[in-house]
Amino acid sequence: MSQFCCASIWFAGNGVMNELVQTYLLPESALGHLTSAVQFGFIIGTFLFALLTIADRFSPSKVFFVCALLGALFNFAILLDINNFISLIAFRFLVGFCLSGIYPVGMKIAADYFNEGLGKSLGYLVGALVVGTAFPHLLRGLSTDLPWRFVIILTSAISVFGGLIMLLFIPDGPYKKTIQKPDLTAIFKVFGNANFRSAAFGYFGHMWELYAFWAFIPVMLATYSQQHSDTTFNVPVLSFLIIGLGGLSCVAGGYISQKIGARQTAFVALFLSCICCLLSPFIYMVNSGIFLFGFLLFWGLVVIADSPLFSTLVAQNAIPEVKGTALTIVNCIGFSITIISIQLINVLIYVINPQYVFVFLAIGPILGLIALKYKTSTSLQNG
């Protein structure tokens, strides 16, 4: 519940992007820039959290609460009348910075409570994150008769609520190990394990695709409507469903991983999302809005299903004393990659036909699959 509530501020700006553009006279490219600002803030925050080993030195529940409170404040600040493009980017950056104390710290809390069954627990946690991320789209789609500011006010309020329930009801877990002083070498030590590196590189390939896909779902739907004038969509509601239902696949993936293993389950999900990337140009050729929605819904399910599994593999193969730092630095690098892919799509969408743009998202999954396959082969050869 805490993760769902606090994740709602992540895409709050995306949920009201059209209104932000109109209200503050922003350029057409604002979607990519404001989304990247959140990602960049998250990157800087996770790097500093990892460098200073914050999640391993202090109570993660208290860190989570402080970041939820500040994140809500900076999210609310985009309603100020004096805002312009620069100030909006700054506030979205600060929201991203605060999220670095919410998403990876939430995973750290889960890892402190679960030794066995971590994949299943992270499936629920990341599933809640996914639904929370999509929630602003649903709010906007169901509140068209209300001012767009309602979305920002509500997401800020529930972020505060999420932080409070974490602080009040979730003490430090039984498997928590604490270090007393910053370990500036921890972010380098974690990559010494081959299993850790394989999981991390698989995660990096997954992240190349994930947030660029999420950010540009409204663009995909709008592009299809332009090419097929007889088809109209409620873009916010469909965007919520495509993103939010991925939360179910996170939970399902957690259960499946208990049968066939986290690495194999992650490999299958990453392979399927890679196929979706490669097939994306062809979906515009079919004159059926239902077919398009079905395809994007399937893509939305498989694109996120591997995320908690990669985090499980990272946590399981990290040094126990710096598990929080390991999760945080992997998040940091992964989200750095999302900026590159989001900006690439943001440029290409104005250079070539938009229907061909999203095939470039396959680059990440292909490299991630190679990293996972190589490690699996090596493990088999080594007995």
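The values are calculated or read from the model by the stated rules, or taken from the named source; none is laboratory data. Just so we're clear, the structure is a prediction, and the values are computed from it rather than from any experiment. When we count neighbours, we look across all protein chains shown, and the Cβ atoms used for this are built from the backbone with ideal geometry, even at glycine.
Quickly run through the range 208-263 and pick out the residues that are in a helix (DSSP H, G or I) and among the aromatic types (F, W, Y). Before the answer, list the steps.
We begin by selecting, within the range 208-263, every residue in a helix (DSSP H, G or I); these are 208-215, 217-227, 235-244, 246-260, 262-263.
W208, Y211, F213, W214, Y224, F240, Y255, listed by residue number.
Does the range 85-133 hold any residues that are in contact with a Cys (Cβ under 7 Å, 6 or more places away or on another chain), over 30 Å from T23 (Cβ atoms) and among the small types (G, A, S), and which are they?
G123, G127
Anything in the range 271-311 that is under 21 Å from Q226 (Cα atoms) and of a type in the set (S, T, Y)? List them, or say none.
Listed by number, the residues that qualify are S280, Y284, S288.
If you check every pair at least six apart or on different chains, which have Cβ atoms under 6 Å apart with a residue in the range 288-317 that is under 22 Å from G254 (Cα atoms) first and a residue that is part of a helix (DSSP H, G or I) and polar (S, T, N, Q) second?
Taking only residues 6 or more apart or on different chains, the pairs are L301/S249; V302/S273; V303/S273; A305/S249; L309/S257; L309/T265; N317/N195.
Determine which single condition P281 fails, assuming it passes every other condition in (1) at pLDDT below 95; (2) crowded, with 18+ Cβ neighbours inside 10 Å.
Of (1) at pLDDT below 95; (2) crowded, with 18+ Cβ neighbours inside 10 Å, only one is false for P281: (2).
Can you list the helices (runs of 4 or more DSSP H) found entirely within the range 80-197 that contain at least 1 residues being of a type outside the set (A, V, I, L, M, F, W, C) and over 28 Å from N14 (Cα atoms)? Step through it out loud before you land on a result.
Numbers: elements: 85-99, 103-113, 118-142, 149-169, 186-189.
By residue number, 103-113, 118-142, 186-189.
List every residue pair whose Cβ atoms sit under 8 Å apart, with the two residues 6 or more apart in sequence or on different chains, where the first one lies in the range 337-360 and is over 14 Å from P218 (Cα atoms) and the second, anywhere, is of a type in the set (G, A, S) and in a loop (DSSP other than H, G, I, E, B).
Hits for this filter: Y350/S29.
Return only the number of the condition from (1) modelled with pLDDT of 90 or more; (2) within 21 Å of N14 (Cβ to Cβ); (3) surrounded by fewer than 22 Cβ atoms within 10 Å (Cβ to Cβ) that V219 does not satisfy.
(1)
Within the range 242-263, is there a residue that is in contact with a His (Cβ under 9 Å, 6 or more places away or on another chain), over 23 Å from G334 (Cβ atoms) and surrounded by fewer than 16 Cβ atoms within 10 Å (Cβ to Cβ)?
no
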